[in-house]
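The values are calculated or read from the model by the stated rules, or taken from the named source; none is laboratory data. Values in this document were obtained by computation on a predicted structure and should not be read as measured data. All Cβ positions, even for glycine, are placed from backbone atoms using ideal geometry, and neighbour counts span all protein chains on display.
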Amino acid sequence: MAARAMWKADLSLGEIKVPVKLYAAVEDARIHFRLLHAADHAPVKQQMVDPETEQPVASEELKKAVGVDRGVYVVLTDEEQAALAPKPSRLISVEEVVAASAVDERWFDRPYYLGPDGDDEGYFALAEALKKREAIGIARWVLRNKRYVGALQASGGYLLLDTLRYAQEIVEVTAVKPSANRSPDKREIALAEQLIGALEDRFDANEFRDEYQEQLKTMLAAKAAGKVVRFPKAVKREQPDSLVASLQASLKARRKEASHGRRA
Amino acid sequence: MAEERDAAPNPRAFWSGTLTFGLVSVPVDLYPAVRSRRTALRMLGPDHQPLVRRFFCSVDLKPLGQDDIVRGYENDDGSFTIVADEELDALAPRKSRDIDLRRFVKRDEIPRQLLERPYVLAPAGESTKAYHLLAETMERSGKAGIATFVMRGKEYLAAIFAERGSLRAVTMRFQSELRTPDDVGLPGVVRAPAERRQEMERALAELTEDELDLKLLDDEYASALLELAEAKRDAGRDVIEIEEAPAEDEQESADVIDIMAVLKERMGGAARRPARAQGARSAEKPAATRAGDDALADMSRKELYERAKKLGLPGRSGMSREALIAALRKAG
C-alpha cells in the first residue's frame, strides 16, 4: 500500500517551482519496549512534578524558562514564544547548490522522499540534473512551526531530502597528534595499508543485517511460549604480542581466505 | 537523549569496546558528537517553581523509582513479556564489545540517507599505539571502515573514519529500515524532455557555490529565543535563579569540552589516571587554566562573559567559564 504524504509544498530553485509531496523514508520496524510498573505491569507515565510538594503540575499550567546563564533563567510567555515562531509557508527553498563532498557526514539527520505532485517531468528532470552535477542542494523550509534545513539529493532517479543538524549542534574536534613515542613507524603503516587494501570493496548496504533484532524476536517468541533460548557465547580471540606480528598474521589470514574464493 | 542524560551524571563514555582490525585490537571509548541545542529550557510551575520529571504508574498513580520499573514487550493479545537487561546483554555478547572492521570502502560511496548520528572514538586502555596506527593509516587512505556493533540494546551499522588524527564513527540505518520508492508509491522514473532537463541544469548552475555557506546551518530560532531572553534579563524582567544540581551542569558542558580533554589526555601529555573519563575532566580544568598565561585565565565567568558580549560572541550565555575562555582565545 502506498504511503500517505506528510506534506505538500513547492520546491523552488530561483524562479523555478516544482510541486512535491513529502514522505517519510525511514520505516521503523524495530522492537520497542514499554516501561511498566513492576508490581502490576501497568504502563508507566511521566509527569512534571513540583519537587517541594511532589504534586504533579497539569500541562496547561506549565511555564517555560530559557537559560541565559549558569543557574539563571528567563520566563517566556506563550505569546512571546509564538511571536518568534517562523511564518508558515508551503515552500522548500533551495538556497544554494554545492558539491556532494561539501556536506559533512555528521550533519545528516533523517531522510524523506520527495514525490512529484502534478509536474512529473519537472520532478524527474531535476533529479537527473542533480545527479549529473553530483551536487546537493541546501534547502530550507518551515513545517509545523519549525524551521528546517536539509540536503536535497538524487537517489535512484528520485529526489531525497535529508534534514540536517544545525552547525552548533556538532561538537567540533580539532586536530590531535600522538606524542612522538606513540607514533606508528613506517613498517607498521605499510602493513596496515596493505590490510586495508585487502579488505577494500564496494559499499553494499544489503550485506549487513540487523542480527540483534532477529535474535531479539526469536527470544521474545520463545519467552512467550515459555521456553529459554541460548545464543552462542563470545569466543575469545588470540592476539600476537606485537603490532607488526598481528598485522602480518592478519594479512596472511586474509590472503588465505581470499584464495579460497570466499569474501569475508 | 534526555533519559540518557538523567542516567549519566558524569561525562563517562557512552559505550566502551574494541575496534578490531584483523587481529589488531584497539580499545576505544565512544562519545556523542552531537550536543543538545543551545537553548536550555526549564519547565516551571504556575508560581515559577522549577519542576522535575517523575514516573508514575498509569493505573494506581503511585510515584515509581527506578527499581519499580521493568521493560516489557507488548504481545498481540495486549499482555506483556518482561525482559531483563541481562537477557538483552546475552543476545550478542561479541557484538556488544567489538566493532569489527571487516570492510573498507570509499567514503563517498556511503549513501547519505543511511547516516544517523556522529560519535567520536577516543583511545582507551594501556597503549594507544594501535589507535594512532589505525587513525593515521585510515586518514591517509581516505577510506571508511564499515562494521556492525551493538550499543545500548540496539544494533548499529557504522562507518568509522579518521580525521585530523582522531577516529570518528557515524552510525547508520540498515538498508531494511529505509522504504523503497515502491513502498512509498512513487511513480516509475520517466525521462523528462531535454528542454526541461536543461532548464533544471541552468537553475542548478545559477545556485551553485564553491563552498557551503555555514550561515544556512544556523539555528535562527534558538538565537532569537536567546536574544529575547537576554534582553529580558538585562531589563530585569521575569528572571529567576535556579540552584542547579552540579551533575546536570557538568553534563551540560561535558559534551562541549570533554571530548577534546579526553582525547588530549589519552594521547599523551598528562599522566594517566585510574578513573578514565572522570579523571580526564578534573585533570583538564586546572590544565586549561594554566595553559594560557594570558589574563583570561584569571578572570571570573562574569568578566569573561562581559568580554564575550562586547565581541558579540554567539551562544555566550550558555557557555561555561572554560568554554568562554576557549571562545575568547579563538576570537583573539
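Could you list, in sequence order, all residues of the stretch B:19-61 that are of a type in the set (A, V, I, L, M), in contact with a strand residue (DSSP E or B) (Cβ under 7 Å, 6 or more places away or on another chain) and more than 7 Å from chain A (Cβ to nearest Cβ)?
If the condition is that a residue be of a type in the set (A, V, I, L, M), in contact with a strand residue (DSSP E or B) (Cβ under 7 Å, 6 or more places away or on another chain) and more than 7 Å from chain A (Cβ to nearest Cβ), then B:L19, B:V26, B:V28, B:L30 are the ones that fit.
Could you figure out which of (1) buried (at least 17 other Cβ atoms within 10 Å of the Cβ); (2) at the interface with another protein chain (Cβ under 7 Å from one of its Cβ atoms); (3) farther than 25 Å from A:L130 by Cα isn't true of B:A162?
Going through (1) buried (at least 17 other Cβ atoms within 10 Å of the Cβ); (2) at the interface with another protein chain (Cβ under 7 Å from one of its Cβ atoms); (3) farther than 25 Å from A:L130 by Cα one by one, B:A162 breaks only (2).
Could you tell me how many of the residues in the stretch A:110-127 are under 26 Å from A:R165 (Cα atoms) and either crowded, with 19+ Cβ neighbours inside 10 Å or not assigned by TED's automatic domain parsing to the domain that holds A:L13 (or both)?
Qualifying residue count for the region: 9.
May I ask you to list the residues in the stretch A:87-104 that are more than 9 Å from chain B (Cβ to nearest Cβ) and under 23 Å from the mean Cα position of the chain (by Cα)?
Residues satisfying the conditions are A:I92, A:S93.
Going residue by residue through the stretch B:173-188, is there one that turns out to be at positive phi and more than 7 Å from chain A (Cβ to nearest Cβ)?
Looking through the stretch B:173-188, none of the residues is at positive phi and more than 7 Å from chain A (Cβ to nearest Cβ).
Looking at B:A235, is it modelled with pLDDT of 90 or more and crowded, with 17+ Cβ neighbours inside 10 Å?
no
Filter the stretch B:180-194 down to the residues that are part of a loop (DSSP other than H, G, I, E, B) and surrounded by 18 or more Cβ atoms within 10 Å (Cβ to Cβ) and list them by number.
B:L186, B:A192
Tally up the residues in the stretch B:200-225 that are more than 7 Å from chain A (Cβ to nearest Cβ) and touching a residue at least 60 places away in the same chain (Cβ under 8 Å), please.
Here the count works out to 2.
Pairs please, first residue from the stretch B:39-51 and under 13 Å from B:V239 (Cα atoms) and outside any strand (DSSP E or B), second anywhere and modelled with pLDDT of 90 or more and not acidic (D, E), Cβ atoms under 7 Å, 6+ apart in sequence or on different chains.
B:H48/A:K63; B:H48/A:V75; B:H48/B:I240
Just give me the residues in the stretch A:45-66 being out of contact with any Ser or Thr (no Cβ under 7 Å at 6 or more places or on another chain) and assigned to a strand (DSSP E or B), in sequence order.
A:Q46, A:Q47, A:M48, A:V49, A:D50, A:Q55, A:P56, A:K63, A:K64, A:A65
Among the residues of the stretch A:97-129, write down those that are within 23 Å of B:V184 (Cβ to Cβ) and not in a helix (DSSP H, G or I).
Result: A:F108, A:D109, A:R110, A:P111, A:Y112, A:Y113, A:L114, A:G115, A:P116, A:D117, A:G118, A:D119.
Let me confirm something: among B:R94, B:R140, which residue is at pLDDT 90 or above, facing another protein chain (nearest Cβ under 8 Å), more than 23 Å from the chain's Cα centre (by Cα) and more than 18 Å from A:D104 (Cβ to Cβ)?
Criteria check complete, one pass: B:R140.
Can you name the residue in the stretch A:57-96 that is among the acidic types (D, E) and not assigned by TED's automatic domain parsing to the domain that holds A:W141 and, of all such residues, is surrounded by the most Cβ atoms within 10 Å (Cβ to Cβ)?
A:D69
Would you call A:V26 at the interface with chain B (Cβ under 7 Å from one of its Cβ atoms), farther than 30 Å from A:M219 by Cβ and touching a helix residue (DSSP H, G or I) at 6+ places or on another chain (Cβ under 8 Å)?
So A:V26 does not fit the description; no.
Return yes when B:G332 is within 21 Å of the chain's Cα centre (by Cα), farther than 30 Å from A:N181 by Cβ and at pLDDT below 75 and no when it is not.
no
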